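Novice: Dumping the structure here so I can ask a few things about it.
The values are calculated or read from the model by the stated rules, or taken from the named source; none is laboratory data. Worth saying up front: this structure is predicted, and the values here are computed from it rather than measured. Note that each Cβ is placed from the backbone with ideal geometry, even for glycine, and that neighbours are counted across all protein chains shown.
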């Protein structure tokens with residue numbers, strides 16, 4: 001992730017969060033980027049003078065990883081005994097970006113987020129929806145809901161590949177790899193289940209796709225249309241991106 005990408009992400013996050021927190025409160029907040037990857041978003045917040053930390057099971061390659069880890073600004077999550085390595089009520093704000101579709105244990109994850117969040121704190125989750133026409137990790141149509149091996153092999157035979165795939169792999173090998181990935185590394189929940197889990201741990205649960213659309217590079221036009229066609233917001237939420245804000 002380049003700095004420009006990280007800057008765009010935090011602009012999106014701050015814009016959405018500003019509907020629930022005052023800007024001066026955001027500036028004084030302790031922020032957790034859960035699933036921080038290579039720490040670029042943490043670094044971008046720090047450059048703005050905000051106190052931001054990050055956690056992940058493994059850090060992705062990046063130019064800032066070593067110094068961020070040395071300063072204690074990004075920390076690894078334990079794999080066996082999942083616990084966010086911060087004390088109770090440490091954060092005012094927790095953000096995740098393209099993370100929740102990977103969470104296998106919602107109860108454990110959300111209970112930990114609640115634990116490290118202050119009373120009145122805000123959580124923002126942005127992640128791909130279950131019905132997105134092209135599953136973003138393996139590029140297979142509707143693989144968020146159709147995860148049968150035969151479906152994945154069909155598209156592999158038609159030449160559908162992730163940019164990360166070895167071009168020399170056979171269709172059956174691509175299908176095997178994609179099938180394992182979807183079963184072990186993704187968990188696409190429907191809206192009812194999302195509401196059920198988030199409501200269990202937070203008093204306020206808000207779907208904020210309309211606010212998110214206003215911040216995307218191609219979204220302002222769609223956002224303007226949504227003022228006259230409210231259904232577009234629900235269509236975007238179902239077929240593109242879920243944006244959920246929770247209040248403790």
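Novice: In region 154-168, is there at least one residue being in contact with a strand residue (DSSP E or B) (Cβ under 8 Å, 6 or more places away or on another chain), closer than 30 Å to residue 42 by Cβ and modelled with pLDDT of 95 or more?
Specialist: Scanning region 154-168, I find no residue that is in contact with a strand residue (DSSP E or B) (Cβ under 8 Å, 6 or more places away or on another chain), closer than 30 Å to residue 42 by Cβ and modelled with pLDDT of 95 or more, so the answer is no.
Novice: Examine region 48-56 for a residue that is closer than 26 Å to residue 88 by Cβ, modelled with pLDDT under 95 and assigned by TED's automatic domain parsing to the domain that holds residue 111, and state whether such a residue exists.
Specialist: Within region 48-56, not a single residue is closer than 26 Å to residue 88 by Cβ, modelled with pLDDT under 95 and assigned by TED's automatic domain parsing to the domain that holds residue 111.
Novice: Next question. Residue 72 versus (1) within 19 Å of the chain's Cα centre (by Cα); (2) on the phi > 0 side of the Ramachandran plot: which is the lone unmet condition?
Specialist: Looking at each condition in turn, residue 72 falls short on (1).
Novice: So which of 38, 43, 81, 97 ends up being out of contact with any strand residue (DSSP E or B) (no Cβ under 7 Å at 6 or more places or on another chain) and buried (at least 21 other Cβ atoms within 10 Å of the Cβ)?
Specialist: 43
Novice: If we scan region 103-120, do we find a residue that is in contact with a helix residue (DSSP H, G or I) (Cβ under 9 Å, 6 or more places away or on another chain) and without any contact (Cβ under 8 Å) to a residue 12 or more places away in the chain?
Specialist: no
Novice: With respect to residue 226, determine if the residue is closer than 26 Å to residue 18 by Cα, surrounded by 15 or more Cβ atoms within 10 Å (Cβ to Cβ) and out of contact with any strand residue (DSSP E or B) (no Cβ under 6 Å at 6 or more places or on another chain).
Specialist: Yes, satisfied.
Novice: Just to be sure, is residue 210 in the same structural domain as residue 104 (by TED's automatic domain parsing), crowded, with 19+ Cβ neighbours inside 10 Å and free of Cβ contacts under 8 Å to residues at least 60 places away in the same chain?
Specialist: Yes: the conditions hold for residue 210.
Novice: Just to be sure I understand, how many residues within region 126-152 are surrounded by 20 or more Cβ atoms within 10 Å (Cβ to Cβ) and either over 15 Å from the mean Cα position of the chain (by Cα) or within 11 Å of residue 182 (Cα to Cα) (or both)?
Specialist: Residues flagged as surrounded by 20 or more Cβ atoms within 10 Å (Cβ to Cβ) and either over 15 Å from the mean Cα position of the chain (by Cα) or within 11 Å of residue 182 (Cα to Cα) (or both) within region 126-152 amount to 6.
Novice: Please specify each residue of region 105-122 satisfying the condition of being outside any helix (DSSP H, G or I) and under 16 Å from residue 189 (Cβ atoms).
Specialist: Matches in region 105-122: 105 only.
Novice: Report those helices (runs of 4 or more DSSP H) wholly inside region 167-248 carrying at least 3 residues which are in contact with a helix residue (DSSP H, G or I) (Cβ under 6 Å, 6 or more places away or on another chain).
Specialist: 171-185, 209-213, 219-226, 231-239
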